[in-house]
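Step one of this worksheet: look at the structure below.
The values are calculated or read from the model by the stated rules, or taken from the named source; none is laboratory data. Values in this document were obtained by computation on a predicted structure and should not be read as measured data. Virtual Cβ from ideal backbone geometry, glycine too; neighbours counted across all protein chains shown.
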Amino acid sequence: MPKYAEGTVVEMPQYQVLLRKLQERTKDTKLISKKMATAMRYVVKPSHQALEANVSRIGEDTGNLKKAVAIKVKAYAKSGNAVALVGFIRPGSSSKKTKGKGKDRAYHQGFLEFGTKQRFVKGEIASSYIKKGVFAIAKAGGSLKTSGYPKSFFKRGKKGQALSTGAMPIGGRSGRPPVSDAFNKTKGQLNQRLIDRTQKTIDSLDKALKKAAKL
């Protein structure tokens, strides 16, 4: 999750209500932050589901983008606060490197969310063989054939001219940025979900305090 999509941060009045209720019961900010983190993970689940649905509609070749959809929750032990993020796992962030596929292999996530300007490549030929399979140029007659993937992308430019691979529109074929769209579809639910979760979170904290008192 490298950066926020503009306009995808929401204020939830119930957050401060819940935090204050927990602080009234204990000064243990580490415990409070854990309970707040659990509540926030519950709150953002609709956004997570909406993002998964958006990615499914876009369609993929490798499946890496869908694997990268995640909820990240951070608890702040010193203050008792917690924050939940929904988005894509940062490319290359996993210590387990898998060739070509994996939850940290969605290097095109930013292209889909924010779009790109027209891009150019060095040389006269561009191909997506790394994603879709190898290609080969037959010697006889200089014709072109593909192998591995019949739909392999191949583009050849004019000699001496920069080759353009085009611009990526925001949202790709869907025309909608997946993260921002998921947020806009679900932001109206978030504060109410936290209201619904408030009593359960308080009860969970009380249970933890009682258990600690018996030790």
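Tell me, which residue of region 50-86 that is over 28 Å from residue 18 (Cβ atoms) and of a type in the set (Val, Ile, Thr) is modelled with the lowest pLDDT?
Result: 62.
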Assuming residue 32 fulfils every condition listed in (1) in contact with a Gly (Cβ under 7 Å, 6 or more places away or on another chain); (2) modelled with pLDDT under 85 apart from one, which condition is it? (2)
Scan region 68-93 residue by residue and report those that are within 10 Å of the chain's Cα centre (by Cα) and under 18 Å from residue 41 (Cα atoms). 68, 69, 70, 71, 72, 85, 86, 87, 88, 89
